[in-house]
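The structure under discussion appears below in the form of structure tokens.
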């Protein structure tokens with residue numbers, strides 16, 4: 001759990017008592033806030049240890065520096081947390097707090113139930129509910145906030161909070177909860193409101209409507225393994241008397257009985273457990289490709305036919321134990337490989353990003369309407385942070401649209417009434433009204449998914465390592481079998497010839513070959529998953545090993561919003577740095593604006609004050625709104641206001657000059673800039689740099705030696721200099737790239753013969769990720785939205801990309817070695833078989849032995865390789881509770 | 001030797017019973033999520049045991 005260690009909450013807490021002292025402390029210049037005011041560059045407050053003087057919320061564990069609420073020695077950060085606590089206490093659910101430290105989820109400001117009323121529409125419910133019969137319904141919801149054992153407990157005790165709720169079951173790895181409820185007593189909208197009121201907002205996006213449960217295929221796999229294992233064990237039991245030479249004792253009756261029983265037990269194995277192999281080999285024959293499934297099914301058929309003939313004609317006891325064992329091992333390998341992280345979804349499209357409903361204007365009032373019911377010409381209200389669902393026109397006022405997720409442009413753009421707004425942007429600031437111009441499915445953002453890159457399928461299952469081997473292998477086996485048969489037939493021993501033919505097919509059944517890749521790649525996949533690097537499937541590793549060109553996206557991939565730095569550069573001419581008092585004014589001014597720059601400046605000052613021991617922070621509470629006068633925000637320009645008798649202006653250079661401030665020429669700096677003027681005098685400027693993620697430089701250097709690198713960014717060129725230094729002057733850096741440009745770039749690179757890995761994070765990279773041979777999506781939070789990709793990497797692991805690539809190459813080498821080992825076994829087996837002297841007991845020993853050696857080698861060598869590449873999982877041993885979103 | 005017949009029947013019967021148990025477990029979704037039950041068991045039941053509304057018992061296997 002990456003939460004701040006909780007404090008002993010029995011003590012007394014000064015922060016809400018000592019406000020009177022604030023002013024006095026503020027005026028002492030010894031504090032780090034003063035250091036900040038002197039213009040010293042201080043990075044963002046990351047990784048700071050929770051000081052002893054920090055008060056954390058009893059419910060959610062967040063620091064309570066702003067407004068504090070308290071009840072009987074318990075401190076809460078906000079009204080919401082307090083309400084939840086009281087609700088839980090009333091219903092006898094206080095145990096919640098003993099299960100984990102500060103287990104709660106910070107509750108967002110209460111919203112009315114009306115927000116979800118659209119959910120009560122029957123048509124929508126039919127798509128959302130798993131089941132309903134009028135009296136009781138069941139729904140499965142994705143709740144990203146689930147993070148600890150206490151969440152599981154609380155959600156499964158939901159029925160105590162409302163009589164209409166029935167049984168609730170949480171699936172922790174998938175962050176899903178399925179809830180039974182009585183629609184007559186609690187409507188779906190009320191249920192969602194109840195969940196939201198205790199902090200567990202379910203994810204209700206357009207993608208939820210098309211989500212399909214994976215359960216059926218997984219259940220089928222388990223059943224197939226179980227039945228094969230059952231048959232394997234029992235047939236082996238019946239075969240033992242024959243192997244141990246007890247036949248003479250038990251007599252012909254038992255021999256026949258055992259034979260028939262085995263034959264019967266093997267039927268479900270061949271028909272049901274191995275059904276997927278029959279199907280896929282039939283498919284590959286029709287496509288005229290020799291996949292590994294072909295020799296497997298060939299072997300299965302030969303095994304069953306030979307055994308049936310031997311048993312029915314009372315010639316012997318057959319090879320049924322080998323057959324069942326073979327299928328059992330193969331299926332185990334498949335389960336091992338496919339048992340990956342369920343909670344990671346790789347094939348998301350824009351639908352997972354779009355909300356299920358928007359606010360539509362209706363007459364004088366407003367209503368929430370499902371996106372699927374949205375029509376061209378509808379007037380929509382977009383609040384702060386809400387998404388434009390379809391291409392639209394701004395009806396009135398000015399909007400500030402953040403397109404960072406769609407285009408990669410870091411700064412929001414200003415739009416005026418009548419401007420065309422592309423879908424996918426998010427409004428920042430006040431509520432605006434827009435009129436939709438296109439249906440959701442035909443808008444700019446969604447049209448990207450219509451691109452051919454999304455239509456074609458990578459021929460994944462055909463060009464794998466295993467299939468390359470199997471193509472040669474199958475031919476050799478068939479040739480050897482035919483040659484052996486012909487050899488014995490020409491020597492006049494037809495019976496022996498037929499036996500040799502069947503024996504070669506039986507013994508060559510490439511069990512070990514089929515297990516080598518799944519176990520190597522499956523182990524690798526598992527080791528990487530512990531480091532929060534998730535592979536879509538094991539084949540991605542094979543393609544990773546071939547990558548020779550890497551394309552990076554800039555925003556969110558190499559740089560990160562969390563690492564953004566703000567620096568204050570005081571103007572040289574005047575009095576130098578800001579005083580602590582002036583800092584306070586600036587924070588007060590920026591507190592009232594929602595522009596990202598304002599929040600960053602505000603957070604910067606607050607962070608600095610917070611890191612310094614015990615310094616009270618100027619907050620909205622300590623400076624209520626009425627202390628600022630004439631606050632105005634000019635979108636795209638700046639903000640101004642009057643604080644404690646001083647005029648403050650904060651904004652672009654041009655705007656300051658317009659307002660009559662003398663602004664000196666700014667030195668050339670990368671990053672965007674906001675100037676500050678107090679009482680008409682220019683005091684300096686804040687610089688916002690998109691900071692690189694830690695260790696990015698090392699990564700780029702390391703990769704640059706072995707791979708061709710390129711950088712694509714939707715952002716403008718102002719940071720070109722910084723990246724030229726990083727990538728080298730001759731590297732390919734492209735700025736102002738649209739999503740389609742990125743896709744074409746990757747395509748062009750592929751056409752020049754490169755195997756391309758694209759590393760990106762947003763919807764703007766979705767096309768390029770899809771087009772590339774390996775698409776790597778970088779996510780800040782595992783399980784959160786990421787565009788369709790082959791590999792999902794937690795942001796913190798990006799510096800390890802070079803290690804991952806090296807590890808992929810080693811893993812593929814391990815697969816080759818495993819093939820060599822299984823080839824050796826096959827050489828021995830086939831020699832015996834071709835001689836026509838194969839007996840069931842040799843088969844029964846040779847097959848498991850070869851399989852087990854290969855499996856042990858594959859797993860062992862891969863783990864060793866991981867340790868060598870520094871990707872060992874020992875560094876960090878995750879517990880189930882380690883999926884914390886915080 | 002005919003006692004072996006009885007033993008074979010017994011062993012097959014037992015094995016089939018176990019197989020049936022396994023099939024039931026898979027069908028009732030016990031293999032869907034092997035992580036959450038291990039967390040659930042850690043929480044003591046100290047709250048007065050009010051049962052969830054039994055009228056709302058979910059239909060067992062919907063898949």
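Residue exposure proxy: A:220, A:587, ordered by other Cβ atoms within 10 angstrom of their Cβ from fewest to most, comes out as A:220, A:587. On a C-alpha basis, how far is the centre of the stretch A:724-753 from the centre of the stretch A:800-866 in Å? Whole number, if you could? Here the two parts' Cα centres lie 41 Å apart.
Just check the stretch A:697-814 against the gyration tensor rule for me: Cα atoms, a ≥ b ≥ c as the square roots of the eigenvalues, rounded for a/c under 1.5, and otherwise prolate or oblate depending on whether a/b exceeds b/c.
Values: a/c = 1.31, a/b = 1.15, b/c = 1.15.
The shape class here is rounded.
Principal axis analysis of the Cα atoms in the stretch A:113-204 yields extents of 34, 22, 21 Å, listed in decreasing size. Mean per-residue shielding of peptide B:24-35 is 5, counting Cβ atoms of other chains within 10 Å of each Cβ.
What is the stretch A:277-333 by shape, rounded, prolate or oblate, if you read a ≥ b ≥ c off the alpha carbon gyration tensor as root eigenvalues and call it rounded for a/c under 1.5, prolate for a/b larger than b/c, and oblate otherwise? It is oblate, given that a/c is not under 1.5 and a/b is not larger than b/c. Using C-alpha pairs under 8 Å with a sequence gap of at least 6, the mean separation divided by the residue count of the stretch A:120-215 gives a relative contact order of 30 percent. Of A:761, A:130, the sequence from fewest to most neighbouring Cβ atoms within 10 angstrom is A:130, A:761. Listed by Cβ neighbour count within 10 Å, with the fewest neighbours leading, A:83, A:551 appear as A:83, A:551. For residue A:732 and residue A:287, a Förster radius of 56 Å and the Cβ-Cβ distance give a FRET efficiency of 0.90, rounded to the nearest 0.05.
Within 10 Å of the Cβ of each residue in A:165-172, the mean number of Cβ atoms contributed by other protein chains is 5.
Across peptide A:221-230, the mean count of Cβ atoms from other chains lying within 10 Å of each residue's own Cβ comes to 4.
Rule-based calculations on the coordinates, nothing more; no lab input. All figures in this text were calculated on a predicted structure; none of them were measured in a lab. Cβ: placed from backbone, ideal geometry, glycine included. Neighbour counts: every protein chain shown.
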